[in-house]
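Here the structure comes first, spelled out in structure tokens, and everything after it is commentary.
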Amino acid sequence: MKIGIVCYPTFGGSGVVATELGKSLSEKGNTVHFISYAQPARLNVFSDNLFYHEVSIKNYPLFEYPPYETSLTSKLVEIVKFEKLDIIHVHYAIPHASSALLAKDILKTMGIDIPVITTLHGTDITLVGKDPSCKPVINYSINRSDGVTAVSNSLRKDTLDIFNIENKIQVIPNFIDINKYASVKRNSYRGNLCKKGEKLLIHTSNFRKVKRIQDVVNIFCKINKEIPSKLIMIGDGPQRANIESLTRSLCSLRDVMFIGKVPDVENVLHNADLFLLTSEKESFGLSALEAMASSVPVISSNAGGLPELVEDGKSGYTCDIGDIESMSNRAISILDKSNLKGFKESALKRAKKFDVNNILPLYINYYNDILRK
Ligand code: GMT
């Protein structure tokens, strides 16, 4: 199959899922063409059936806002036509889905019929997508796509609740390559930060408001009073400066380390005892799955799809959004010597259900179903 994948090139979840999907599809012999405004962050391998096409945006003094959608649509028309793609798969509806549908219409005038699959990832529905500035376009794009997938039952339900949907939505969860996490070698992250006997906690995100990172800091401060521990904060984004200053006022700065964006997150996670994810909205929680694949249990909010991933009382705990007290108490109980090993084993066992070998066939079957229609 020749597949065009449109995604954001960032470290964010939708870009990571799209990139890992493309890499896995190419390993199975499909030809994959990534189309984005920059090379996807995780696109670190090249082969003769994996390509990247950059969307360059035409600027002109008249444009206060360069027209990315127009450039993306034109690039899609070009790539579908010249590379003879069988299918376009867009990740994150805004603005990828409407651009792909316009490309599809243009290609129809050239006698080319190409199906468009849209994967909904989360904030394209629950936050940005429902804003009046996007809503009618997203509604139209979901109904007109040849196939639509969502990354959790919760996101599917939110989509049906928020929009006026006539199309079917197939749930295909996020995935990880469990072997990548199993093959991590001992490294120095823990030794550099933790004294002997100290526990290591980790949070990863894009530091947006929706992640409620102030809760992570507050929970850590409570844990730290009871258990000698350190916290590594991975990622970067608009809230980072505020969170760093909150950390300075609440905890000892020697106990919290902000390490920014990390391409090999598995090497850091490998050292951790507990992962914290306190989001207000979280359609799936890929970062939590990555932690679990590293045998790290999760304390999270019960937002969105998190309860579909974290089994309460087994691979971690899910608590009400903002319930810092319960999250801290649960965290302290997991970190207890008599409990930690069991939680670590259950976290890994749960993560294995989302291994690429289990989820990739769902995408391939879905592509085939859409192509047969
Ligand atoms: O977490 C983010 O804000 C990034 C966002 C994205 O689209 O890049 O992540 C969303 O998609 C991920 C992959 O499907 C999901 O695992 C995340 O839960 C989801 N984030 C939210 O819903 C907030």
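The values are calculated or read from the model by the stated rules, or taken from the named source; none is laboratory data. Small disclaimer: the values here were computed from a predicted structure and weren't measured. All Cβ positions, glycine included, derive from the backbone under ideal geometry; neighbour counts span all protein chains shown. Side chains are part of the model used for accessible areas, which takes the heavy atoms of the whole protein and leaves out ligands, DNA and RNA. Shrake-Rupley method; radii C 1.70, N 1.55, O 1.52, S 1.80 Å.
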Jot down the per residue volume, in cubic angstrom and as a whole number, of the convex hull over the alpha-carbon atoms of the range 66-129.
73
Which number do you get for Rg(Cα) / (2.2 N^0.38 Å) in the chain?
1.02
The range 1-97 - share of DSSP beta bridges that are antiparallel (%, nearest 5)
5
Which order do R42, R254 take when ranked by solvent-accessible area (1.4 Å probe, heavy atoms of all protein chains), largest first?
R254, R42
Using bins 10 angstrom wide from zero, how does P(r) for the range 197-236 break down, in % of all Cα pairs?
29, 52, 19, 0
For the chain: relative contact order, % (alpha-carbon pairs under 8 angstrom, 6 or more apart):
13
Over all Cα pairs of the range 242-288, how is the pair count split among 5 Å bins, expressed in % and running from 0 up to the last occupied bin?
4, 14, 20, 24, 25, 11, 1
Long pairs among K225/K353; K180/K373; K168/K314; K2/K168; K75/K185; K28/K185, criterion Cα-Cα beyond 30 Å:
K225/K353; K180/K373; K168/K314; K75/K185
Quick one: in the range 283-373, what % of C-alpha pairs are over 22 Å apart?
34
Computed accessible area, K261, all protein chains, 1.4 angstrom probe, square angstrom:
130
Residue with peak Gaussian network fluctuation, the chain [Cα springs, cutoff 10 Å], from K180, K211, K75
K180
Distance (nanometres) between label positions extended 7 Å along Cα→Cβ at A182 and K58
5.2
Accessible area (Å², 1.4 Å probe, nearest 10) - R144
140
Probe 1.4 Å, all protein chains present, accessible-area order of E325, E282, largest first
E325, E282
Give the cross-link partners of K281 among the aspartates and glutamates, using a straight C-alpha distance below 19 Å as the criterion and excluding same-chain residues fewer than 8 apart.
D124, D131, D158, D161, D215, D236, E290, E308, E311, D312, D320, D323
Dimensionless Rg/Rh of the range 72-186, both radii on Cα and Rh by Kirkwood, sits at 1.06
Heavy-atom surface of the chain, accessible at 1.4 Å and reported per residue (Å²)
45
Given labels modelled 7 Å from the Cα in the Cβ direction, how far is it in nm from L340 to R248?
3.1
Evaluate the distance, in nm, between pseudo-label points positioned 7 Å from the Cα of K195 and of D369 along their respective Cα→Cβ axes.
5.6
How far is the Cα center of the range 44-76 from the Cα center of the range 347-373, in Å?
29
Can you give the FRET efficiency for E78 and D236, using 1/(1 + (r/R0)^6), R0 = 41 Å, r = Cβ-Cβ distance, to the nearest 0.05?
0.75
What is the angle, in °, between the Cα long axis of helix 324-335 and the longest principal axis of the Cα atoms in the chain? Nearest 10 is fine, range 0 to 90.
70
Checked the range 178-352 against the a/c 1.5 cut and the a/b vs b/c comparison, axes a ≥ b ≥ c from its Cα gyration tensor; verdict rounded
For the range 1-72, average projected area of the Cα convex hull in nm²
5.2
Between H96, H53, H270, which gets the highest mean-square fluctuation from a Gaussian network model of the chain, Cα cutoff 10 Å?
H53
